[in-house]
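For reference, the structure discussed in these notes is given below.
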Amino acid sequence: MRSRYTAYAAGDLDYVWRTWHPRTRPEVLTPSGETWTGLEILDTVAGQHGDELGEVEFRAHYHLNRRSGTLHERSHFAVRARRWLYVDGELFG
């Protein structure tokens, strides 16, 4: 989770794409223009060595067009080829 946030913040969409599960990832990622300013991990479920699934609830803070915002999501991850991959997420309003 933290590495994907860092990749978003650095604009490394190739890394984001490579860490997205092939079953759910888009064909192409395009920059969205946010400047990411902070990450709060709120909760984790499983996701340890030996687990096959995991969840992370987080808030990611950003600026876009001189306004601040927050992305609040519970992300689902799965192990594939011994690597954790992002599957999907539930957004909180």
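Each reported figure results from applying straightforward, stated rules to the coordinates on display, with no laboratory input. In this text the structure is predicted, and so the values were computed from the model without any measurement. Cβ atoms come from the backbone with ideal geometry, glycine included; neighbour counts cover every protein chain shown.
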Phi-derived 3J(HN,Hα) across the range 72-81 with the Karplus relation (6.51, -1.76, 1.60, θ = phi - 60°), rounded Hz, x for Gly and Pro, is 10, 9, 10, 8, 10, 10, 9, 8, 9, 6
In nanometres, the difference between 0.36 nm per residue of separation and the alpha-carbon distance of Glu40 and Ala9 is 9.8 nm
Counting only residues 5 or more apart in sequence or on a different chain, those whose built amide H sits under 5 Å from that of Thr37 are His61, Tyr62, His63
In this structure, the FRET efficiency calculated for Leu91 and Gln48 from their beta-carbon separation, with R0 = 30 Å, to the nearest 0.05, is 0.75
Ranked output for segments 48-54, 86-92 by mean other Cβ atoms within 10 Å, highest leading, reads 86-92, 48-54
Expected max-MSF residue from Val45, Val28, Val16 in the GNM of the chain (alpha carbon, under 10 Å) is Val28
Env charge @ Phe77, Cβ radius under 15 Å, K,R +1 / D,E -1, value +1
With only helices counted (DSSP H, runs n ≥ 4, each -39500 (n - 2.57)), the per-residue ellipticity at 222 nm for the chain, to the nearest 500, works out to -4000 deg cm²/dmol
Ordered by number, the GluC sites (Glu not before Pro) in the range 14-44 that occupy a DSSP loop and have at most 12 other Cβ atoms within 10 Å are Glu27
